[in-house]
Each structure stands twice: as C-alpha cells, then as structure tokens.
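The values are calculated or read from the model by the stated rules, or taken from the named source; none is laboratory data. Only a predicted model underlies this, so the values are computations on that prediction, with no experimental measurement involved. With ideal geometry, Cβ positions are generated from the backbone for all residues, glycine too; neighbour counts draw on all protein chains shown. Please note that ligands, DNA and RNA were not included when accessible areas were found on the heavy atoms of the full protein model with its side chains. Shrake-Rupley method; radii C 1.70, N 1.55, O 1.52, S 1.80 Å.
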Amino acid sequence: MKRSELAGPALAKPVLDRSALLDVQDISRLYGPGKGCESIDFRLHAGEVLGIVGESGSGKSTLLRVLAGLETPDAGRVIYHTNDGELDLYAISEARRRALLRLEWGLVHQNPRDGLRMGVSAGANVGERLMALGERHYGNLRAAGQDWMTQVELDAGRIDDAPLTFSGGMQQRLQIARTLVTRPRLVFMDEPTGGLDVSVQARLLDMIRTLVRQLGLSVVLVTHDLAVARLLSHRLLVMRRGQVVEAGLTDQILDDPQHAYTQLLVSSVLTP
Amino acid sequence: MNGYNFAYLDEQTKRMIRRALLKAVAIPGYQVPFGGREMPMPYGWGTGGMQLTASILGGDDVLKVIDQGADDTTNAVSIRAFFERVAGVETTTATAAADVIQTRHRIPETPLEHDQILVFQVPIPEPLRFIEPSEQETRLMHALEEYGVMHVKLYEDIARYGHIATTYAYPVKVDGRYVMDPSPIPKFDNPKLDMSAALMLFGAGREKRLYAIPPYTRVESLDFEDHPFEIQQWDEHCALCGSDHSFLDEVITDDAGNRLFICSDTDYCLTRRGEVA
Amino acid sequence: MNALVNVKNLHKSFVLHGQGGVALEVMQSLSLELHAGECLVLAGRSGIGKSTLLKMLYGNYRVSGGSITLNFHDGALELSDLPVHAWHPLRREVIGYVSQFLRVVPRVSACEVVMEPLLARGTDAAEARARAETLLARLNLPQRLWRLPPGTFSGGEQQRVNIARGFIAEHPILLLDEPTASLDATNRAVVIELISEAKARGAALLGIFHDADVRERVADRLLPLDDHLIAKTTFSPEAHS
C-alpha cells in the first residue's frame with residue numbers, strides 16, 4: 001500500500017458560511033384551514049437559489065407573495081439583511097417597502113402580462129425602474145434598454161416594439177430584463193417558465209442560470225416542475241397543505257427524499 | 001335674481017368648496033376631493049370651474065371667461081351670461097380688467113397680476129390615470145412620490161416621434177413635490193404657471209377634485225436632460241396683430257385651402273391692434 | 001499523517017413510505033480512510049452500495065448513522081450534519097464528482113458544460129473556455145461537437161464531456177463513479193492519465209471502476225465491500241432515484 005508523500009500543499013478549510021439575506025420567521029397566512037401557508041421558517045443566504053416546490057394549492061404562491069412584500073402575513077416576520085442592518089419587511093413604512101420592492105428586489109410573474117406594461121415599448125419597459133430611480137437621460141435609458149435586451153437574447157433592434165408583438169418566451173425574457181435592470185439583490189420568480197413551450201423553456205432556464213451566476217443573484221423560485229427546480233435551485237422546500245414537509249439540498253431531496261409526500265412527489269415524475 | 005342665492009350655489013356649498021380650496025392652496029398640486037354639486041349644464045362644459053368661480057366670486061368682482069383663448073365662443077359667452085344673471089357681477093373681455101378669469105385651454109398672454117385669480121376647467125385631474133386605472137393606487141403613488149411612470153410616457157414619445165410629442169396637458173411638478181396635470185392648456189402656456197403672480201385654481205366637475213398653484217410657486221415641466229422641455233414655435237406671425245410671440249391658431253379661410261395664423265387670445269390680439277392702430 | 005477523509009461506521013437505510021414504511025438497510029458500519037495523493041478503489045458486486053457511498057460523500061444521500069470527516073490542516077469538517085447551504089461552496093471548492101451519466105442541460109453546449117465548475121468559482125470566461133477545450137481535445141471529443149449541446153451525443157461522447165467537467169476544476173477530493181464505463185481503450189488511457197495527474201497534484205480520489213485493467217492501473221488501494229456490511233441487500237438504490 002502506497003501512502004502518498006506526493007500530497008500537495010496543506011488544504012485549508014474552505015469558507016462555507018455565507019451571509020444571510022432573508023430570514024423568514026414563523027410566517028403564516030391562512031385563508032382557511034390548510035389554505036395558504038403556515039409556520040414557515042427558513043433563511044436565504046446571499047447568492048443562493050431556493051426552490052419552493054409542491055402541487056397547486058400547496059401554499060407556495062401565497063408564501064411567495066408574503067415574502068415578496070405583496071401580502072401581509074397573519075403572523076411571523078420577514079427580515080431582510082441590508083448592508084446597513086436588518087429591515088423587518090412588514091414593520092417598515094409602506095414607502096420604504098415599495099421602494100425596496102421596486103429597486104433592490106424583483107418579482108418575475110408567471111404571466112409576463114402581469115409584469116410588463118403591454119402598451120408601451122420594450123425599451124420603456126426596461127427603462128421604467130431606472131426612471132423610478134431618477135435616471136433622466138434618454139440616451140442612457142436607451143443604451144440600458146439595448147444592453148439588457150441583448151443580455152436576455154432579444155433583438156435590440158426591436159427596442160421600440162410593444163411587448164404585444166412579442167412571443168410568450170420573448171415577453172418572459174423582457175420581463176426578466178425589466179426586473180434585472182436595477183441589479184436587484186433578491187429576485188422572486190413564480191413559475192417563470194410556466195406557460196411556455198418546452199423548447200422555449202429550455203432556453204429561458206439556461207438564461208436564468210447564467211444571469212444568476214453572473215449577477216450573483218439570490219432567488220426564491222416557486223415551481224411545480226421538479227426538473228426546473230433541479231436545474232435552477234441549490235436548495236428546496238417541499239410544501240404540502242400550507243406547510244413545509246421537507247427542506248434540504250436539491251439533489252438530496254430529489255435523490256433521497258425522506259418524507260412520505262416528497263417520495264410520492266419524486267416518484268410521480270414522468271421521465272421520458 | 002329671485003329664487004337663487006348669489007352666484008347660484010348656496011352658502012354652505014361655497015364654504016365647503018372654499019375649505020377645500022384652502023387645503024389645495026396649502027398643499028400645492030395636491031388633488032383635494034370636494035362635494036361637487038349639479039350645475040345646470042352637462043359635465044365637460046366647465047362645471048368644475050364654475051363651482052370654483054361661484055365660490056370665490058364677490059359682488060364687486062369683475063369676471064372674464066375664455067374658451068380656447070377666445071371670449072366670444074359659445075361656452076365662454078354662456079358661462080359669462082350665467083354669472084351675469086345669477087350673481088349680477090360685471091363682466092369683461094379685457095384680461096387686465098378682470099379679477100377672476102375662468103378658462104378652458106389657455107392662459108392669457110397678458111401677464112397676470114397678484115390680485116387676479118385664474119380658474120381652470122379640468123376634464124381629467126389625475127396625471128397618472130393614463131397608466132394606472134386604480135384611484136387607490138394613484139393616490140398611493142402620489143403619497144409616495146412614485147413618479148417614474150410619468151417619464152415612461154415621455155420616453156415613449158421620444159421613441160416614437162423623436163421628440164416629446166405631448167403638446168397639451170403636459171405634466172408638471174409643483175413646488176418640487178406633486179406631479180400635476182395643468183389641464184389641457186398647450187405646453188406653450190406651461191412656463192406661465194411657474195412663479196405666477198396670480199393664484200391658479202383648478203376644478204374638475206365630473207371627478208369632483210380641485211387643486212391649486214399658489215402665487216409665486218415653482219412649477220417645472222417634466223423632461224429629460226438630453227431632451228429638455230420646449231414650447232411650440234411658429235414660423236408665421238399673427239395675421240391680424242403681427243405678434244411673433246403668442247400662441248397662434250391656424251384658420252382655414254376658404255375651400256381652396258388658404259389659411260392664416262391668428263392669436264388664440266382674442267383680447268390680446270385686439271389690444272395689440274388697438275395699440276398698433 | 002492524517003487522512004484527508006475519514007469515514008467511520010457509516011450507516012445508510014432507506015425508509016420507503018409508499019411501501020408501508022419498510023426500511024431497507026443498505027450499509028452498516030463502513031469505515032475508510034482516504035489520503036491526499038491516493039486513489040482508493042471500491043470493489044464488490046453490483047448493488048453492494050458503492051455508488052451509495054459516493055452519493056453520501058457528495059451529499060446526495062443523507063447519512064443515517066456514523067460520520068464522514070474532512071481533515072483540513074486548520075480543522076476538521078463533519079459532513080453528516082453539514083448545514084445545507086454549506087454544500088454548494090464545499091462542492092465548488094473541495095469535492096468533485098464524476099457521475100456515470102451526464103445530466104444534460106438543454107441548449108448548453110458541451111464546452112459550456114465543462115466550463116461551468118470554473119465559472120462558478122469566478123474564473124474568467126476566456127480562461128475557462130481555453131482549459132475546457134484543452135481537456136475536450138485530450139479526450140478526443142471532435143471539435144465540431146464542442147459548440148453543440150451534448151443531449152444528442154453518443155454515450156461515450158457524453159461520458160467524456162462529463163469527465164472533462166469533473167476534472168477541470170482540480171478538486172482536492174474527487175469521487176469517480178465508473179467514469180470509464182462507455183469509453184474505448186484510447187480514451188480509457190486518457191482518463192488514467194488524468195487520474196495520475198490528479199494524484200500527483202495531491203488530490204484524493206475515491207472511485208468505482210468495473211474494468212479490471214483500469215482498476216489495477218489507477219488503484220493505490222482496493223477497498224472490497226462485502227455482504228457483511230449490509231443486512232438486507234435486496235434493494236438497489238438506483239431504482240429509487
């Protein structure tokens with residue numbers, strides 16, 4: 001047996017801790033028994049993509065709305081860690097919360113029509129958050145619009161076309177550009193590939209992966225599609241009847257599910 | 001006139017409107033709701049402006065009414081006649097002689113003085129309405145100064161036409177705070193809002209909102225750094241008075257397509273011709 | 001000298017709720033040491049739990065009992081109860097894994113698949129591309145395939161993309177699950193070279209190789225897994241995932 005003397009330089013322990021970005025503490029929002037979400041606790045770290053999976057009606061979209069500042073919880077707190085300290089999402093003023101949602105956070109809706117202004121041009125859609133930030137130079141807005149359309153693989157030559165003239169996949173990419181233009185730290189995505197053809201989905205998923213890595217985004221992603229969850233998320237929460245039944249590393253949840261419901265969910269997926 | 005209170009509205013209604021006006025003056029550009037009354041004419045003919053005029057008019061005030069700058073159009077003549085009858089006040093067409101001027105679409109060319117009041121008839125008081133249909137949401141946007149969308153509209157203009165093509169109801173920011181629709185005056189008149197000596201009152205009858213610009217208030221027209229606000233300009237002079245600095249209307253004079261340009265402010269034009277002649 | 005990886009009394013069972021909660025014991029009391037600069041090869045019949053062990057080391061499977069400890073020069077790290085968020089940086093920096101099958105991401109080119117572990121570390125894209133192309137060339141993947149997504153590649157071509165992806169980031173610990181299974185002799189030889197180079201730079205490798213020839217050429221030690229490790233052996237965990 002050869003015990004190696006070739007061993008390289010001593011190996012230092014890697015830095016595994018990441019700073020917390022969002023602390024979700026005992027959040028409940030119930031419309032009725034088992035309808036909504038109940039007693040949700042987790043921490044999102046900077047640069048993490050967290051997937052929330054479960055069937056429709058499991059409460060994942062309600063949870064996302066509460067996290068994204070759109071729906072006040074019945075109980076619990078959402079704490080956002082900024083460079084200057086902690087913000088309690090539902091304790092700060094509405095003005096502060098809306099400014100946060102508009103500038104530091106982003107929300108990508110399943111239906112791009114909910115996230116875009118369909119009547120104004122693609123360029124105006126991309127530029128809106130910048131204008132809200134106070135950008136008052138048309139040329140700069142235009143350049144940013146062209147740059148972001150290129151980044152999401154849209155033809156920058158169509159900057160003056162209305163989103164109505166775009167396909168569903170193109171609209172979704174435009175919505176993402178519109179959201180990312182202010183370089184948010186945290187993005188919420190609700191079934192971002194939901195209504196799209198499979199071939200269009202693949203392209204969008206790859207684009208989202210690349211943008212997440214390049215921009216160092218933290219993402220909370222709601223999806224019922226385990227393949228999408230596997231591709232995009234580092235960690236998963238599995239929800240059922242308003243509660244988290246299992247949480248962990250994405251690979252581990254999908255390869256070695258512990259909870260009866262997760263096992264059922266994973267084994268129910270059709271693989272071609 | 002028998003059977004009617006002075007200036008048509010009862011005194012309680014006038015007080016209610018004056019209280020709302022005081023609030024509007026105290027918060028320049030802010031839309032104050034008021035309990036609008038039915039006036040003996042349809043909405044869209046200046047019922048908002050008339051209620052404001054009725055509430056501020058005194059027995060010895062002199063009233064001028066213009067529509068598109070002219071004293072002699074149907075709407076202007078009717079409203080003037082209405083107040084002559086229900087208030088018995090003196091009326092005039094001379095801008096300088098008026099204490100209260102009710103207007104639709106124009107600000108007189110003759111600079112207003114600090115003892116004059118201009119009352120605007122407003123169709124749609126909410127400048128954010130074009131992009132946000134919900135009243136609850138637009139109020140919140142005003143409260144939180146979320147005005148980014150106003151520039152979306154201007155951006156769209158430049159993208160489509162190469163310049164800001166909005167020429168009427170051009171949005172302004174009042175005293176650095178509220179974004180306001182100056183009613184459908186041409187943007188040519190926007191600079192007259194800024195630091196005006198006269199009090200400006202705005203009334204929307206259908207929407208039951210009023211707002212105000214107190215004298216000597218900063219009023220900026222929204223724009224982009226690289227597409228600054230500009231007013232309309234004409235190559236022509238007024239065919240009647242020769243003015244090269246007033247707002248001109250284009251008038252078709254015959255079936256052959258001949259046309260000429262004349263001042264939209266009839267009193268201004270007449271005065272100049274009197275002076276010139 | 002301390003082992004880089006110390007596995008003690010490792011235990012794994014699967015509880016299948018769909019089948020009335022039956023518990024399948026797939027591993028009991030497995031212990032091993034893995035040192036920097038060596039390649040330890042797991043041996044034993046199919047279904048004995050070799051892949052299960054790799055998956056536990058990589059975090060895909062939970063640890064039911066026992067410990068997995070990584071000994072860094074400035075301290076130890078226990079993997080059996082590692083916080084979830086720590087796994088990704090650990091995989092990015094320390095533990096690499098070459099699985100038997102490539103998980104194809106639609107639309108992503110072979111070259112980009114290979115570059116990804118470097119990009120995740122923040123390596124400059126041009127440098128990552130150059131290193132990926134060097135590896136793909138060494139593994140004799142035809143250049144015309146580099147820009148194509150590997151979804152339509154043959155098994156052997158996909159396997160080579162997978163190997164390049166596994167070796168490109170030069171992880172200090174590498175787990176190899178039958179990396180040579182669908183390769184011809186030429187490319188098997190390249191993989192053997194890659195393993196030797198990894199050992200030479202001090203990496204610790206733990207692998208499964210069916211091919212006896214490869215096994216002999218790369219293994220510093222063999223660790224035979226046998227049935228006494230496992231109480232009930234009727235279960236194949238692969239069928240589960």
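For the range C:59-107, a tally of residues being more than 7 Å from chain A (Cβ to nearest Cβ) and part of a helix (DSSP H, G or I) returns 2.
Table: residues versus (1) closer than 28 Å to C:Gly151 by Cβ; (2) under 15 Å from the mean Cα position of the chain (by Cα); (3) more than 13 Å from chain C (Cβ to nearest Cβ).
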| residue | (1), (2), (3) |
| --- | --- |
| A:Gln172 | yes, yes, yes |
| A:Leu204 | yes, yes, no |
| A:Thr210 | yes, yes, no |
| A:Leu231 | yes, yes, no |
| A:Glu246 | no, no, no |
| A:Val269 | yes, no, no |
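Taking the listed residues A:Pro73, A:Pro33, A:Pro14, the one that is more than 16 Å from the chain's Cα centre (by Cα) and within 13 Å of chain C (Cβ to nearest Cβ) is A:Pro14, with no other qualifying. Considering (1) assigned to a helix (DSSP H, G or I); (2) among the hydrophobic types (A, V, I, L, M, F, W, C); (3) away from chain A (no Cβ under 13 Å); (4) open to solvent by 10 Å² or more (accessible area, probe 1.4 Å), the lone condition that B:Ile79 does not fulfil carries the number (4). Annotation note: of C:Glu78, C:Glu127, the sole residue that is within 24 Å of A:Gln252 (Cβ to Cβ), over 17 Å from the mean Cα position of the chain (by Cα) and either of a type in the set (S, T, N, Q) or at pLDDT 95 or above (or both) is C:Glu78. Count of the range C:107-148 residues, restricted to those that are open to solvent by less than 70 Å² (accessible area, probe 1.4 Å) and hydroxyl-bearing (Ser, Thr, Tyr), is 2. The residues of the range C:166-185 that are modelled with pLDDT of 95 or more and part of a helix (DSSP H, G or I), listed by number, are C:Gly166, C:Phe167, C:Ile168.
For A:Glu94, the conditions (1) surrounded by 15 or more Cβ atoms within 10 Å (Cβ to Cβ); (2) within 25 Å of A:Val126 (Cα to Cα) all hold with the exception of (1). For the range A:104-135, a tally of residues being part of a helix (DSSP H, G or I) and open to solvent by less than 40 Å² (accessible area, probe 1.4 Å) returns 13. Tally up the residues in the range A:104-139 that are away from chain B (no Cβ under 14 Å) and more than 30 Å from A:Asn83 (Cβ to Cβ), please. Total meeting the criteria: 5. With A:Ala75, A:Ala99, A:Ala156 as the choices, which residue is in contact with an Asp or Glu (Cβ under 9 Å, 6 or more places away or on another chain), at pLDDT 95 or above and open to solvent by less than 40 Å² (accessible area, probe 1.4 Å)? After ruling out the rest, the residue left standing is A:Ala156. Confirm whether C:Leu118 is touching a residue at least 40 places away in the same chain (Cβ under 8 Å) and over 30 Å from A:Leu204 (Cα atoms). It is false that C:Leu118 is touching a residue at least 40 places away in the same chain (Cβ under 8 Å) and over 30 Å from A:Leu204 (Cα atoms). Without any contact (Cβ under 8 Å) to a residue 12 or more places away in the chain, assigned to a helix (DSSP H, G or I) and touching a helix residue (DSSP H, G or I) at 6+ places or on another chain (Cβ under 9 Å): is that true of C:Ala132 in this structure? No. Counting the residues of the range C:18-58 that are away from chain A (no Cβ under 13 Å), open to solvent by 40 Å² or more (accessible area, probe 1.4 Å) and at pLDDT 90 or above gives 1. Looking across the range A:235-272, just one residue is open to solvent by less than 40 Å² (accessible area, probe 1.4 Å), assigned to a loop (DSSP other than H, G, I, E, B), on the phi < 0 side of the Ramachandran plot and touching a Leu at 6+ places or on another chain (Cβ under 8 Å), and that is A:Pro257. Residues in the range B:1-45 that are part of a loop (DSSP other than H, G, I, E, B) and among the charged types (D, E, K, R) were compared, and the one that is most open to solvent (accessible area, probe 1.4 Å) is B:Glu38.
Among the numbered conditions (1) within 14 Å of chain C (Cβ to nearest Cβ); (2) open to solvent by less than 50 Å² (accessible area, probe 1.4 Å), the only one that A:Ile40 does not meet is (1).
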